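The values are calculated or read from the model by the stated rules, or taken from the named source; none is laboratory data. Predicted, not measured: the structure shown is a model, and the values here were computed from it. We place every Cβ from the backbone using ideal geometry, glycine too, and count neighbours over all the protein chains shown. Surface accessibility is based on the protein's heavy atoms, side chains included, excluding ligands, DNA and RNA. Shrake-Rupley method; radii C 1.70, N 1.55, O 1.52, S 1.80 Å.
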Amino acid sequence: MLDLSSKRTFCIGAFDPTGKVFGIAFLEEYFGIHNNWIYLYNLQEFDKGSFLSKKLNCSQIRILKFSRNNKMILNATTEGTIFILDAYSLNNV
């Protein structure tokens, strides 16, 4: 089980189309600074931790969705910003 209770914030998750990888996004507040984090996990090995993560400077992520071809991740924030990340590097597309 993945315990996110220590994050004390809104967490969202999504599986890729194959069902083998899932992503978690959450907002972290540290000394008044807000950052979103995205973590990607291999379902069969998630006990080893995430295999990829990225800190994003944006408002709270409310939508996290993998593309059908598994190459991109769509993110939408509470302020209406939509951005797309490469699913293999988490870099902006």
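Observations on the model:
- Pairs are defined by a Cβ separation below 7 Å, a sequence spacing of at least 6 or placement on different chains, a first member in the range 51-62 that is open to solvent by less than 100 Å² (accessible area, probe 1.4 Å), and a second member that is of a type outside the set (Gly, Ala, Ser) and in a loop (DSSP other than H, G, I, E, B); the pairs so defined are Leu52/Leu90; Lys54/Leu90; Cys58/Thr81; Ser59/Thr78; Ser59/Glu79; Ser59/Thr81; Gln60/Phe10; Gln60/Thr78.
- Flag if Asn91 is on the phi < 0 side of the Ramachandran plot and in contact with a strand residue (DSSP E or B) (Cβ under 8 Å, 6 or more places away or on another chain): yes
- Selection over the range 16-32 of residues that are of a type in the set (D, E, K, R) and assigned to a strand (DSSP E or B) gives a count of 2.
- Candidates are the residues of the range 70-87 that are free of Cβ contacts under 8 Å to residues at least 24 places away in the same chain and assigned to a loop (DSSP other than H, G, I, E, B); the one that is farthest from Glu28 (Cα to Cα) is Lys71.
- Scan of the range 19-33 for residues that are open to solvent by 80 Å² or more (accessible area, probe 1.4 Å) and either closer than 20 Å to Leu64 by Cα or touching a residue at least 24 places away in the same chain (Cβ under 8 Å) (or both), ordered by number: Lys20, Glu29
- Residue selected from the range 33-58 under the condition in a strand (DSSP E or B) and of a type in the set (A, V, I, L, M, F, W, C), by the criterion nearest to the chain's Cα centre (by Cα): Ile38
- Only residues that are closer than 15 Å to Pro17 by Cα and part of a strand (DSSP E or B) were counted in the range 59-69, giving 3.
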